[in-house]
Amino acid sequence: MGDITEYTTKLKEAIKEKSEWFNQEQLPKMVENYHLLHTCVRNLYEFLVKRSLITPDPYKNDRKISEVTTPDESPYIENERGMVIGSRFSEYETMLDFVCTYVKFSVEYLDIPKIKRLNDLNNSFQWGSMTTNNTKVNTRGLATLISEAKINASQMQLSMLSDAISKSGQAVTEITETLKELTDFQREIYKLQLRLNCTNHPSFNKDKAYSSIGDEISEIKRLFPQVMGKMPFYSELVNEIAEEDQGNNKDARQQMILSKLQVKRKVVKEKVSTINTKELILDTLYTLTSLSDVYNEVSNKLNTNIDILEGSKNNFFTKLKRTFRKALNLPEPELIYNFTIIDSKKGTKSNKAVDIRVFNGNVARKSKFYFALSNKSGPEYHKIKTFDENSILEFTNKNIMENQEILTLLDAADEYFKQNVPINDRTKIKGLKMDLITIKNVIVKASQKRNDYCAHIEEQQQMKKLGITNV
């Protein structure tokens, strides 16, 4: 029994380390992929609506969602394709919005049943096989509508359609790979919980259990309802525990599990070569371009939240003023919101008056700028590439500071809407928490690369002072 105790200890350490790896590295990447997928799906949905190929869902904003579900997949009458696929595609887009906004991407939250629901959602439309002869009803229907949308479409529109389908397929593929790996990991977590709660329980008869594989399985089954509560019973995983403890090849099984749980970090081999420092700082700036899709998403959410908040203030005089402004072609007045800014480092709070329309316009412009900059063969990237290193560094510093300020104001905006919108409308508010996490991760990544660049430049200068020139 001593070797089983030792194995359990090793399992605990390995699972703890891999949980941290998932939470800090893999799951934030999955969040980014879901944001990308949602952006592509929303753009495609809006385009099909504008072309009158699908009918918008009139109940879209009234739907209350508490968990991830999938659109209906039942057959439909062909002449109702626009209405049926429109409703199902709208539900799919709404569900992706729910995932990006409310689902907590952590090992602790994403258990096996929740992972299954996410996988089912991912399979609602097969982006990697978006063809009119696809065997899945919804995919075939959407592919038919997209084919119709391509008729008389401009080259830019065709490019948008192709890009949306391609990026959606790539995002779903990467999400699915991570979910599969997470599923395997959750199986090991489940087995560890059984070991800790059942086999370590005072009433667990170890002498009887460890006399045979069947007896160990029986003892776990006996104690399971008492110590595991409402957790589902997976007989396959219980059998695996017994095989790892008493099977003929138990040592090999244990080693295989521990090896699978080991975090495989990439080892970068040192190279004796000249480092292009200009490329280093350009890469730092390029890291920020991943904010394009996030800011686009955030800008749309802010627009929705502003409409909900201002709509709740509608009264006779407000409507009358709006009518006069339109009649006289007057610009919209400033819309000032008083945000509470929290400085976590100093532990202080301060108030800041923000014109929310101007701020949201800045967020939207940032999105467009980073989208243009993300094309390395485009004019924006080429223009910045012609700058000297110091100018690129200054520009990068400026962008990191601006994004940090945007992050602070978005955090304040998220709280402002939640607190100031009437209670009846609060379920309609689009939360920003997951977007804030993504933005923060990108800023941290860019800041780290910037610091690495500065450290390398300083090292070069020190080496040159020592007369060493091959740096």
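Read the figures in this text as sums done on the coordinates, not as results from a lab. Keep in mind that this is a model prediction, so the values were computed, not measured. Here the Cβ is made from the backbone with ideal geometry for all residues, glycine too, and neighbour counts use every protein chain on show.
Here are some notes:
- Residue among 144, 416, 336 farthest towards the positive dipole end of the chain, charges placed on Cβ: 336
- Whole-Hz ³J(HN,Hα) from phi, Karplus 6.51 cos²θ - 1.76 cosθ + 1.60, for region 365-372, glycine and proline x: 5, 4, 4, 5, 5, 5, 5, 5
- Computed from phi, the 3J(HN,Hα) profile of region 378-383 under the Karplus parametrisation 6.51, -1.76, 1.60 (θ = phi - 60°) reads x, x, 5, 5, 4, 4 Hz, with x in place of Gly and Pro.
- The lysines within cross-link reach of residue 18, meaning a Cα-to-Cα straight distance under 21 Å and a gap of 8 or more places when in the same chain, are 10, 29, 104, 114, 116, 180, 191, 260, 264, 266, 445.
- Near residue 430, the amide H atoms lying under 5 Å from its own belong to 305; only residues 5 or more places off or on other chains count, and H is placed 1.01 Å from N.
- Distant-in-sequence amide contacts of residue 126, defined by a placed amide H-H separation under 5 Å and a gap of 5 or more residues or a different chain, comprise 139.
- Label-to-label distance, residue 150 versus residue 166, with points set 7 angstrom from Cα along the beta-carbon direction: 1.4 nm.
- Size of charge dipole - region 351-405 - debye, nearest 20, with Cβ of Lys, Arg +1 and Asp, Glu -1, no other charges: 280 debye
- Local charge for residue 433 was computed over the other residues whose Cβ lies under 12 Å away, with Lys and Arg +1 and Asp and Glu -1, and equals +1.
- Between residue 222 and residue 341, residue separation times 0.36 nm minus the direct Cα-Cα distance comes to 37.4 nm.
- Amide H to amide H distances under 5 Å link residue 341 with 350, 351, 352, where only residues 5 or more positions off or on other chains count and H is placed in the peptide plane.
- From the coordinates shown, volume of the Cα convex hull per residue in Å³ corresponds to which of (i) 151; (ii) 248; (iii) 195: (ii)
- Among 118, 178, 166 - extreme Cα towards positive end, dipole of region 31-178, charges at beta-carbon: 166
- Note: relative contact order over region 76-205, using C-alpha pairs below 8 Å and six or more positions apart, is 26 percent.
- Computed Rg/Rh of region 385-471, alpha carbon atoms with Kirkwood Rh: 1.26
- Peptide ranges 288-300, 215-227 listed from the most packed, as the mean C-beta count within 10 angstrom indicates: 288-300, 215-227
- Helix 81-102 axis versus longest C-alpha principal axis of the chain: approximately 70°, rounded to the nearest ten.
- The chain: relative contact order as a whole-number percent, Cα under 8 Å and 6+ apart: 18 percent
- Against the chain, whose longest principal axis is taken from its Cα atoms, helix 291-311 shows a tilt of about 70°.
- Angle between the chain longest axis and helix 155-194 axis [Cα atoms, degrees, rounded to 10]: 30 degrees
- Peptide ranges 451-462, 435-446 listed from the most packed, as the mean C-beta count within 10 angstrom indicates: 435-446, 451-462
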